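Accompanying notes for the structure given below.
The values are calculated or read from the model by the stated rules, or taken from the named source; none is laboratory data. Since we're looking at a predicted model, the values are computed, not measured. Cβ atoms come from the backbone with ideal geometry, glycine included; neighbour counts cover every protein chain shown.
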Amino acid sequence: MAGLILVAASGLAREVLAATRASDSAHVVGFLDDDPARAGETIDGIPVLGRISDATAYPTESFVLCAGQGAARERIALLLAGLGIGSVRYASVVDGSAVVSEGSTLGAGCILLANVVLTAGVRLGSHVVAMPGVVFTHDDEVDDYATLAAGAALGGGVHIGRGAYLGMNSSVRQKVSVGAGAVVGMGAAVLSDVPDGETWAGVPAHPLSGRPGLPGNNSTDGRH
């Protein structure tokens, strides 16, 4: 069984650990985290092995980036790349209840939690996180480091940009794009394209001016 190290001892990491245990798909060796207070800690029976820079001490294990924020996952990936750890060292974790259709593709290090569905021709980039109950429909394309919170749903042909965040139970109309680094609020219904870096909320979703952050990229989802 493959040895797996979860990078960032977060709430998301605990969910990933639970998914691996439920499916018996990988053996989690431990966590790496830069919080000095976590050194030597045991989380759900698994030890915190050290700092993220200690990844080089584990040449045969695979890694999963478990920071809740896409921007944080990207920073960690850059740090590990500087240590010589590239995409071939990342494992994807797919809960046993998730449905990934033939013809759909996952990039390195994706996390798909319980009851996630990829219907047909879905393409996920690297280090995409889909929380429980997320639905991707035909021909959706999701760029690296995007995060979709529980219950988010995409119509067909949707494009989600790099590092974007979709809040719980939000939905995106078919053939609509959500830009890189954009944030979509909980329960929002996105009917038109969301530009890069903007925060939209409501039904129908609309831009929020002077509001620097909804749950997601500012880490209010409890998984930081």
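I'd like the full set of residues that are surrounded by fewer than 24 Cβ atoms within 10 Å (Cβ to Cβ) and among the hydrophobic types (A, V, I, L, M, F, W, C), limited to the stretch 159-173. Across the stretch 159-173, the qualifying residue is only MET168.
When the residues of the stretch 7-31 are filtered to those that are over 19 Å from THR60 (Cβ atoms) and of a type in the set (Ser, Thr, Tyr), the one that is surrounded by the most Cβ atoms within 10 Å (Cβ to Cβ) is SER10.
For the stretch 174-198, the set of residues classified as buried (at least 22 other Cβ atoms within 10 Å of the Cβ) and in a strand (DSSP E or B) consists of VAL178, VAL183, VAL184, VAL190, VAL194, listed by residue number.
When LEU65, LEU83 are checked against the criterion of being farther than 19 Å from ALA146 by Cβ and in contact with a helix residue (DSSP H, G or I) (Cβ under 6 Å, 6 or more places away or on another chain), a single residue qualifies: LEU83. Within the stretch 115-158, being in a strand (DSSP E or B) and either surrounded by 21 or more Cβ atoms within 10 Å (Cβ to Cβ) or not aliphatic (A, V, I, L, M) (or both) holds for LEU118, ARG123, LEU124, VAL129, ALA130, PHE136, GLU141, VAL142, THR147, LEU148, LEU154.
Considering the stretch 71-100, the residues that are in contact (Cβ under 8 Å) with a residue 12 or more places away in the chain, of a type in the set (Gly, Ala, Ser) and outside any loop (DSSP other than H, G, I, E, B) include one that is farthest from VAL183 (Cα to Cα), namely SER87. Look at (1) over 16 Å from the mean Cα position of the chain (by Cα); (2) assigned to a strand (DSSP E or B) and you find that GLY103 fails only one, number (2).
Suppose the filter is in contact (Cβ under 8 Å) with a residue 40 or more places away in the chain and either part of a helix (DSSP H, G or I) or out of contact with any Cys (no Cβ under 8 Å at 6 or more places or on another chain) (or both); does ALA22 pass it?
Working: in contact (Cβ under 8 Å) with a residue 40 or more places away in the chain: yes; either part of a helix (DSSP H, G or I) or out of contact with any Cys (no Cβ under 8 Å at 6 or more places or on another chain) (or both): yes.
Answer is yes for this residue.
Give the residues of the stretch 168-188 that are among the hydroxyl-bearing types (Ser, Thr, Tyr) and in contact with a His (Cβ under 9 Å, 6 or more places away or on another chain), sorted by residue number.
Taking the stretch 168-188 as the starting set, the residues that turn out to be among the hydroxyl-bearing types (Ser, Thr, Tyr) are 170-171, 177.
SER177 - this is the single residue of the stretch 168-188 that is among the hydroxyl-bearing types (Ser, Thr, Tyr) and in contact with a His (Cβ under 9 Å, 6 or more places away or on another chain).
For ASN115, which of the numbered conditions (1) without any contact (Cβ under 8 Å) to a residue 40 or more places away in the chain; (2) among the polar types (S, T, N, Q); (3) on the phi < 0 side of the Ramachandran plot fails to hold? Condition (3) is where ASN115 drops out. In the set (1) in contact with a Pro (Cβ under 9 Å, 6 or more places away or on another chain); (2) surrounded by fewer than 19 Cβ atoms within 10 Å (Cβ to Cβ), the condition left unmet by VAL99 is number (1).
Of the residues making up the stretch 1-19, not one is of a type in the set (Val, Ile, Thr) and either modelled with pLDDT under 95 or part of a loop (DSSP other than H, G, I, E, B) (or both).
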